[in-house]
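Asks: Starting off with a structure, shown below.
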There are 2 protein chains.
Amino acid sequence: MKPVTLKEIAEILGISITTVSKALKDYPDVSKKTKRLVKETAATLNYKPNAFAVNLRTRESKTIGIIIPEVVHHFFSSVIKGIIAQAEKKGYLVIILQSNESFELEKKQIDLLLSKRVDGILMSLANGTVNFNHLNEIIETDTPLVLFDKIAKVVKCSKVIIDDRKAAYTATKHLIDIGCKKIAHFRGPLLPQNSIDRFLGYKQALTDHNRPYDPSLVYICNCSDKSFDEGKESAQKLLKDHNDVDGIFINTDLVAIGALTEFNKQGIKVPDDIAVVGFSNWFMSSVISPTLSTIDQPGYDMGKTSFKLLYKEIKQRKKKEPVTFKTVELPTELVVRESSTKSITVEN
Amino acid sequence: MKPVTLKEIAEILGISITTVSKALKDYPDVSKKTKRLVKETAATLNYKPNAFAVNLRTRESKTIGIIIPEVVHHFFSSVIKGIIAQAEKKGYLVIILQSNESFELEKKQIDLLLSKRVDGILMSLANGTVNFNHLNEIIETDTPLVLFDKIAKVVKCSKVIIDDRKAAYTATKHLIDIGCKKIAHFRGPLLPQNSIDRFLGYKQALTDHNRPYDPSLVYICNCSDKSFDEGKESAQKLLKDHNDVDGIFINTDLVAIGALTEFNKQGIKVPDDIAVVGFSNWFMSSVISPTLSTIDQPGYDMGKTSFKLLYKEIKQRKKKEPVTFKTVELPTELVVRESSTKSITVEN
DNA sequence: ATACAAATCGAAAACGTTTTCGTAAAATCG
DNA sequence: CGATTTTACGAAAACGTTTTCGATTTGTAT
């Protein structure tokens, strides 16, 4: 019934708790014979060390926390998968918290994780995050922190990102290359750096190729759980405001899919009338009609890399080595699909 | 730097650790004055109780574990979200593990959670799970266990399920109702009860409505991460083997979407030539073309309900009350979309 | 004044480990 | 055989909290 303890094993074998503990951990000052004995009885009794006691003593929880804006999201669930897979290899358990894009929740959850004494924290910031005191609080407690995707540049910690600006530039340039004359942009919320960068990439691509930047061609979507509907609405507005737009670069796939749906409904031909490029490469994008061109964002790899960075830092702190912060930039890729292959579709 | 402890607060205030502890927890035998004093200094020092010490003492981790086959999956990520939301309300943290549909991994992960002394475990079984000794091991340690969706009927614990058989019956009956004469079924793997039940519901609906059951119309898909491709392949086979099938009930949406894609490619009209009904109601199903009829499976609610059941059991054990196992059946709903609205589409 | 109750506090044990340090026994060596 | 090293073990402290129970002080009633 009650879990087996070192004490019980010690009593059964008539030796001390110390020796039992040492035997299980292969200390050199325990004879082979007692080691064997201890290990055998431990196995038959199904002994499992009490994690609390171990943690209390060693100040290591072998647990990390992760805070993300939203679990039900293809990109983030891929990241989670990458993190869990990597963490498990190193014997770490993962506690997952969800900020729901709320700054207040994010703060609370950090407190929760800190009081749980997790060995490290992995975070992707909420859109509503306006300052970074709570992140600095983490750093002050000497808890390793790695930010990924939605990061804060000013916070002193390791980061894993993609180059949103470059990717957006590539996507927009692609629209230019296939002959789009007037390119709109459905951007994300105003705050997070990602949507700012994607917007900047879009703008840069335009100006680099002698396209005038027209603010009225930029529509804002909050990219909440209503992304799909936002895409539809923005598409409606766009069609009303500008009947000569022939290309759109959209901040995220789900919004793009909403837009596509609206275009389909209104009989707008994609890509012939309007070419569309999304962002993130949700699985969905490869199965809708027309299939959606997009920027592939390596979620699984990002999770994997983030944990690796965190793990390295945990080890460094343990050995009292100086910790080095790194910013890893993962490559993205333009995935060209039907929604932006004008020439071919036109030829048919 | 180092986290603040009760001892430090005690020393600052010149009182005992005991009193500090009691003051913070509002024990009646501490004067209001010292309570105020203690709480103030605790707040300014940003004191956070050491979870390990508390856990070690109280034998409560305020943490639960959840094991699911796959994180990157609309249904399961919805469940996770439901669980996390509910758990957070009650002050519980959630550790997530992923079995990748492997029996061996599942066993290992249970061990991990048990040695972490989680207060309870929530599980959805892997397809590869062939026996349930590992589940009984959980029960033997007196750790509350709740199974959801992919359950084992014989295990003595609370469960949260849907009636797969009934839902499948409804889906198949719907195909019959819209006039399908020859209805095929793409079923899931052979082992898990869910795909068996869905198959049985399909079969039952046929025989109840004087349709002969024809085993050659049943195709097996493993529903792994290759679901989409499996759907395409099965669709190809079906078209080759039976050119007169006019309806399919498919074990899960992703496979159905694969099939739809293949049908689109081969110029088969859905629903006119073949009507299709899926299962699970992935978000994707509402945006593809044609939109996919399906059975809505309430993931978020399932997560919520599962945690509630687990929480109740945790409380019961704590109070040494007798634990009562409950099986909650959540309602499902047939969502009719374009892929199975023959009449209307035909009329147009 | 005495007796007694109420209010307030603290000592100490316990939770189950890990690890340092000391010691006894056995083995080695001259 | 005595001296020294090696081998094997255990006592005890520590991690930070909770809680029992006893002690002390203060207040109240006789």
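Asks: What number goes with the only condition from (1) touching a Lys or Arg at 6+ places or on another chain (Cβ under 9 Å); (2) at pLDDT 95 or above; (3) basic (K, R) that B:K265 does not pass?
Replies: Result: B:K265 fails condition (2) only.
A quick yes/no check of all residues on (1) of a type outside the set (K, R); (2) farther than 25 Å from A:L260 by Cα:
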{"residue": "B:K226", "(1), (2)": "no, yes"}
{"residue": "B:G231", "(1), (2)": "yes, no"}
{"residue": "B:H242", "(1), (2)": "yes, yes"}
{"residue": "B:G247", "(1), (2)": "yes, yes"}
{"residue": "B:W282", "(1), (2)": "yes, no"}
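Asks: Moving on to the next point. Would you check if there is a residue in segment A:144-153 being among the small types (G, A, S) and within 14 Å of chain B (Cβ to nearest Cβ)? Please lay out each step first, then the result.
Replies: Step one: filter segment A:144-153 for residues among the small types (G, A, S), giving A:152.
Cutting the leftovers down to within 14 Å of chain B (Cβ to nearest Cβ) gives us none.
No, the conditions are met nowhere in segment A:144-153.
Asks: Which residues, taken from segment B:116-131, are surrounded by 17 or more Cβ atoms within 10 Å (Cβ to Cβ) and not β-branched (V, I, T)?
Replies: In the first step, residues of segment B:116-131 are kept if they are surrounded by 17 or more Cβ atoms within 10 Å (Cβ to Cβ); the result is B:116-129.
Once the filter is applied, which keeps residues that are surrounded by 17 or more Cβ atoms within 10 Å (Cβ to Cβ) and not β-branched (V, I, T), segment B:116-131 yields B:K116, B:R117, B:D119, B:G120, B:L122, B:M123, B:S124, B:L125, B:A126, B:N127, B:G128.
To keep it simple, each residue is scored yes or no on (1) of a type outside the set (S, T, N, Q); (2) in contact (Cβ under 8 Å) with a residue 24 or more places away in the chain.
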{"site": "B:A23", "(1), (2)": "yes, no"}
{"site": "B:V30", "(1), (2)": "yes, no"}
{"site": "B:K39", "(1), (2)": "yes, no"}
{"site": "B:T44", "(1), (2)": "no, no"}
{"site": "B:A53", "(1), (2)": "yes, no"}
{"site": "B:E60", "(1), (2)": "yes, yes"}
{"site": "B:I64", "(1), (2)": "yes, yes"}
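Asks: Further question on the same structure: So how many residues does segment A:71-97 have that are at the interface with chain B (Cβ under 8 Å from one of its Cβ atoms) and not hydroxyl-bearing (S, T, Y)? Steps first, please.
Replies: Kept after step one, since they are at the interface with chain B (Cβ under 8 Å from one of its Cβ atoms), are these residues of segment A:71-97: A:71-74, A:77-78, A:80-81, A:84-85, A:88, A:93-97.
Adding the requirement that they be not hydroxyl-bearing (S, T, Y) leaves A:71-74, A:80-81, A:84-85, A:88, A:93-97.
So the answer is 14.
Asks: Working only within segment B:17-43, note down all residues that are near DNA strand C (Cβ under 8 Å from one of its atoms), assigned to a helix (DSSP H, G or I) and surrounded by 14 or more Cβ atoms within 10 Å (Cβ to Cβ).
Replies: B:I17, B:T19, B:V20, B:S21, B:K22, B:A23, B:T34, B:K35
Asks: Here's something else I'd like to know. Please find, among B:P290, B:P271, B:P298, the residue that is modelled with pLDDT under 95, in contact with a strand residue (DSSP E or B) (Cβ under 9 Å, 6 or more places away or on another chain) and surrounded by fewer than 24 Cβ atoms within 10 Å (Cβ to Cβ). Step through it out loud before you land on a result.
Replies: On the way: B:P271 fails: surrounded by fewer than 24 Cβ atoms within 10 Å (Cβ to Cβ); B:P298 fails: modelled with pLDDT under 95.
Step by step, each of B:P290, B:P271, B:P298 is checked, and only B:P290 is modelled with pLDDT under 95, in contact with a strand residue (DSSP E or B) (Cβ under 9 Å, 6 or more places away or on another chain) and surrounded by fewer than 24 Cβ atoms within 10 Å (Cβ to Cβ).
Asks: Which one of the conditions (1) under 27 Å from A:G299 (Cβ atoms); (2) out of contact with any helix residue (DSSP H, G or I) (no Cβ under 6 Å at 6 or more places or on another chain); (3) modelled with pLDDT of 95 or more; (4) crowded, with 16+ Cβ neighbours inside 10 Å does A:L206 fail to meet, given that it meets all the rest?
Replies: With respect to (1) under 27 Å from A:G299 (Cβ atoms); (2) out of contact with any helix residue (DSSP H, G or I) (no Cβ under 6 Å at 6 or more places or on another chain); (3) modelled with pLDDT of 95 or more; (4) crowded, with 16+ Cβ neighbours inside 10 Å, A:L206 is out only on (1).
Asks: State which residue is nearest to DNA strand D (Cβ to nearest atom) when the search covers only segment B:50-65 and only residues that are assigned to a loop (DSSP other than H, G, I, E, B) and in contact with a Leu (Cβ under 8 Å, 6 or more places away or on another chain).
Replies: In the first step, residues of segment B:50-65 are kept if they are assigned to a loop (DSSP other than H, G, I, E, B); the result is B:50, B:59-62.
If we keep only those that are in contact with a Leu (Cβ under 8 Å, 6 or more places away or on another chain) as well, we get B:50, B:62.
On the way: B:N50: 4, B:K62: 11 Å.
Result: B:N50.
Asks: With respect to B:I257, is the statement that it is crowded, with 24+ Cβ neighbours inside 10 Å and free of Cβ contacts under 8 Å to residues at least 60 places away in the same chain true?
Replies: Numbers: crowded, with 24+ Cβ neighbours inside 10 Å: yes; free of Cβ contacts under 8 Å to residues at least 60 places away in the same chain: yes.
Answer is yes for this residue.
Asks: Okay, moving on. Go through the residues of segment B:1-11 one by one and say whether even a single one is more than 13 Å from DNA strand C (Cβ to nearest atom), loosely packed, with under 12 Cβ neighbours inside 10 Å and of a type in the set (A, V, I, L, M). Quick ask: steps written out before the conclusion?
Replies: Going through segment B:1-11, the residues more than 13 Å from DNA strand C (Cβ to nearest atom) turn out to be B:1-4, B:8.
When the remaining residues are screened for being loosely packed, with under 12 Cβ neighbours inside 10 Å, the result is B:1-2.
Add one more test, that the residue is of a type in the set (A, V, I, L, M), and what stays is B:1.
The answer is yes, given that some residue of segment B:1-11 is more than 13 Å from DNA strand C (Cβ to nearest atom), loosely packed, with under 12 Cβ neighbours inside 10 Å and of a type in the set (A, V, I, L, M).
Asks: Can you name every residue in segment A:28-46 that is within 14 Å of DNA strand D (Cβ to nearest atom) and in contact with a helix residue (DSSP H, G or I) (Cβ under 8 Å, 6 or more places away or on another chain)?
Replies: Initial filter on segment A:28-46 (within 14 Å of DNA strand D (Cβ to nearest atom)): A:28-39, A:41.
Correct list: A:D29, A:V30, A:T34, A:K35, A:L37, A:V38, A:K39, A:T41.
Asks: Additional query: Closer than 23 Å to B:L334 by Cβ and either touching a residue at least 24 places away in the same chain (Cβ under 8 Å) or among the acidic types (D, E) (or both): which single residue out of B:I151, B:I138 fits that description? Please lay out each step first, then the result.
Replies: On the way: B:I138 fails: closer than 23 Å to B:L334 by Cβ.
Going through B:I151, B:I138 in turn, the sole match is B:I151.
Asks: All but one of (1) in contact with a Leu (Cβ under 9 Å, 6 or more places away or on another chain); (2) acidic (D, E); (3) at positive phi hold for A:D26; state the number of the condition that does not hold.
Replies: For A:D26, the failing item is (1).
Asks: Working only within segment B:44-86, note down all residues that are of a type in the set (S, T, N, Q) and within 16 Å of DNA strand C (Cβ to nearest atom).
Replies: So in segment B:44-86, the residues of a type in the set (S, T, N, Q) come out as B:44, B:46, B:50, B:55, B:58, B:61, B:63, B:77-78, B:86.
Of everything in segment B:44-86, those that are of a type in the set (S, T, N, Q) and within 16 Å of DNA strand C (Cβ to nearest atom) turn out to be B:N50, B:N55, B:T58, B:S61.
Asks: Determine which member of the set A:K35, A:K90, A:K39 is of a type in the set (D, E, K, R) and assigned by TED's automatic domain parsing to the domain that holds A:K308.
Replies: Details: A:K35 fails: assigned by TED's automatic domain parsing to the domain that holds A:K308; A:K39 fails: assigned by TED's automatic domain parsing to the domain that holds A:K308.
None of the others qualify; the one that does is A:K90.
Asks: Additional query: Go through segment B:209-244 and give me each residue that's more than 14 Å from chain A (Cβ to nearest Cβ), among the aliphatic types (A, V, I, L, M) and buried (at least 19 other Cβ atoms within 10 Å of the Cβ).
Replies: B:L217, B:L238
Asks: Here are some conditions: (1) under 17 Å from A:L114 (Cα atoms); (2) surrounded by 19 or more Cβ atoms within 10 Å (Cβ to Cβ); (3) within 8 Å of chain A (Cβ to nearest Cβ); (4) of a type outside the set (D, E). B:Y47 meets all but one. Which one does it not meet?
Replies: Only one criterion is unmet by B:Y47, namely (3).
For every residue, the table says whether it meets (1) touching a Cys at 6+ places or on another chain (Cβ under 8 Å); (2) of a type in the set (A, V, I, L, M, F, W, C); (3) in a helix (DSSP H, G or I).
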position	(1), (2), (3)
B:Q109	no, no, yes
B:R117	no, no, no
B:L135	yes, yes, yes
B:I139	yes, yes, yes
B:L147	yes, yes, no
B:V154	no, yes, no
B:Y169	no, no, yes
B:T172	no, no, yes
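Asks: In segment A:114-128, is there at least one residue being within 14 Å of chain B (Cβ to nearest Cβ), basic (K, R) and without any contact (Cβ under 8 Å) to a residue 60 or more places away in the chain? It would help to see each step written out before you state the result.
Replies: Going residue by residue through segment A:114-128, those that are within 14 Å of chain B (Cβ to nearest Cβ) are A:114-119, A:121-122.
Next, from what is left, pick out any that are basic (K, R): A:116-117.
Imposing the further condition that a residue be without any contact (Cβ under 8 Å) to a residue 60 or more places away in the chain reduces the set to A:116.
Scanning segment A:114-128, I find at least one residue that is within 14 Å of chain B (Cβ to nearest Cβ), basic (K, R) and without any contact (Cβ under 8 Å) to a residue 60 or more places away in the chain, so the answer is yes.
Asks: What residue, of B:I151, B:I80, B:I162, B:I138, is within 22 Å of A:S77 (Cα to Cα) and surrounded by 17 or more Cβ atoms within 10 Å (Cβ to Cβ)?
Replies: Exactly one of B:I151, B:I80, B:I162, B:I138 is within 22 Å of A:S77 (Cα to Cα) and surrounded by 17 or more Cβ atoms within 10 Å (Cβ to Cβ), namely B:I80.
The values are calculated or read from the model by the stated rules, or taken from the named source; none is laboratory data. Owing to the predicted nature of the structure, the values given are computational and were not obtained by experimental measurement. Heads up, the Cβs are rebuilt from the backbone with ideal geometry, glycines too, and the neighbour counts pull from every protein chain shown.
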